[in-house]
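Reviewing the structure listed below.
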């Protein structure tokens with residue numbers, strides 16, 4: 001999302017300093033690299049002088065999604081919760097009042113009955129969700145007249161991005177349809193997921209950053225465009241691609257069930273902030289399909305498009321360098 005958000009901020013007239021661990025390099029910022037200040041750093045350890053001259057912070061940095069988080073729960077908590085609390089405290093001490101935090105709808109848990117709004121009981125089931133909820137609570141406790149944090153519980157992202165991902169459900173369906181002419185639907189496709197386009201997620205953070213203080217201070221907002229049963233999502237994507245002349249079959253595997261099933265309501269953000277996500281699933285699918293048809297992002301097996309394989313590769317390289325020392 002950061003690679004989509006930064007150009008939006010620049011277009012909106014902001015000067016931008018990016019602080020990033022650079023797990024995935026800086027290529028996704030190539031189009032705006034000369035217009036931003038880029039600082040390589042880890043939220044847990046970075047020199048907090050990076051906050052000098054800053055008016056507002058949009059905090060996206062975390063180990064994202066359940067598989068990545070479960071791989072190293074200790075690192076997940078230290079980055080997603082401890083790192084967030086460290087950064088927010090430093091902002092408050094320096095008089096930086098506006099702080100938006102990328103949280104997750106995963107805090108509601110698995111097998112949620114009905115539509116979860118922000119008052120729905122949370123029941124996080126993973127290290128990732130627990131770390132996000134802990135950070136939310138810390139931010140809420142820190143809110144006062146001088147500090148205005150807001151947490152955005154984001155649905156599962158989809159859509160085209162300079163830092164493309166093929167391990168997100170809607171994106172994965174489009175990729176497999178293009179590569180294999182097949183959409184594999186696992187666990188019977190009966191589970192539900194809330195979805196939102198990456199561009200709308202970026203817009204939501206900007207909206208919360210600029211909203212009247214009393215409307216967002218210490219609050220939590222769900223961010224969702226639509227809730228889809230996975231099989232229905234595959235069917236919609238298949239139909240959209242067929243209309244573009246790309247035919248793919250749907251194959252359903254029902255050997256196991258998916259415990260991760262939840263739907264969320266985005267009504268509060270609409271009513272209190274006047275914000276509604278605008279990019280439909282079909283719009284996002286067409287953008288990705290056009291990109292692939294033009295020959296971009298088609299090295300599908302490269303691990304950089306998948307969080308877990310990329311993390312494994314980086315750790316393997318790190319281990320080898322520890323043993324060999326400098327390459328040359």
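The values are calculated or read from the model by the stated rules, or taken from the named source; none is laboratory data. As the structure is a prediction and not an experimental result, all values here were calculated from the model. Using ideal geometry, Cβ is built from the backbone for each residue, glycine included, and neighbour counts are taken over all protein chains shown.
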Out of all the residues in the range 81-105, which are within 30 Å of residue 192 (Cβ to Cβ), touching a residue at least 60 places away in the same chain (Cβ under 8 Å) and in contact with a helix residue (DSSP H, G or I) (Cβ under 8 Å, 6 or more places away or on another chain)?
100, 102, 103
Within the set of pairs 6+ apart or on separate chains, which have a first residue in the range 314-327 that is modelled with pLDDT under 95, a second that is in a helix (DSSP H, G or I) and surrounded by 10 or more Cβ atoms within 10 Å (Cβ to Cβ), and C-beta atoms under 9 Å apart?
327/321
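Quick one: which residue in 150, 185 is touching a helix residue (DSSP H, G or I) at 6+ places or on another chain (Cβ under 9 Å) and over 19 Å from residue 248 (Cα atoms)?
150
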Can you tell me how many residues within the range 87-112 are buried (at least 16 other Cβ atoms within 10 Å of the Cβ), farther than 26 Å from residue 191 by Cβ and over 13 Å from the mean Cα position of the chain (by Cα)?
10
Among the listed residues 134, 212, which satisfies the condition of being more than 18 Å from the chain's Cα centre (by Cα) and either without any contact (Cβ under 8 Å) to a residue 60 or more places away in the chain or within 16 Å of residue 272 (Cβ to Cβ) (or both)?
212
Extreme residue, surrounded by the fewest Cβ atoms within 10 Å (Cβ to Cβ), among residues of the range 50-69 that are out of contact with any strand residue (DSSP E or B) (no Cβ under 6 Å at 6 or more places or on another chain) and within 14 Å of residue 132 (Cβ to Cβ):
66
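Restricting attention to helices (runs of 4 or more DSSP H) lying wholly within the range 70-145, give those where 2 or more residues are touching a strand residue (DSSP E or B) at 6+ places or on another chain (Cβ under 6 Å) and closer than 23 Å to residue 47 by Cβ. Don't jump to the end; show me each part of the working.
Values: elements: 73-76, 84-93, 127-142.
The qualifying helices (runs of 4 or more DSSP H) are 84-93.
From the list 231, 223, which residue is in contact with a helix residue (DSSP H, G or I) (Cβ under 7 Å, 6 or more places away or on another chain) and more than 14 Å from residue 273 (Cβ to Cβ)?
231
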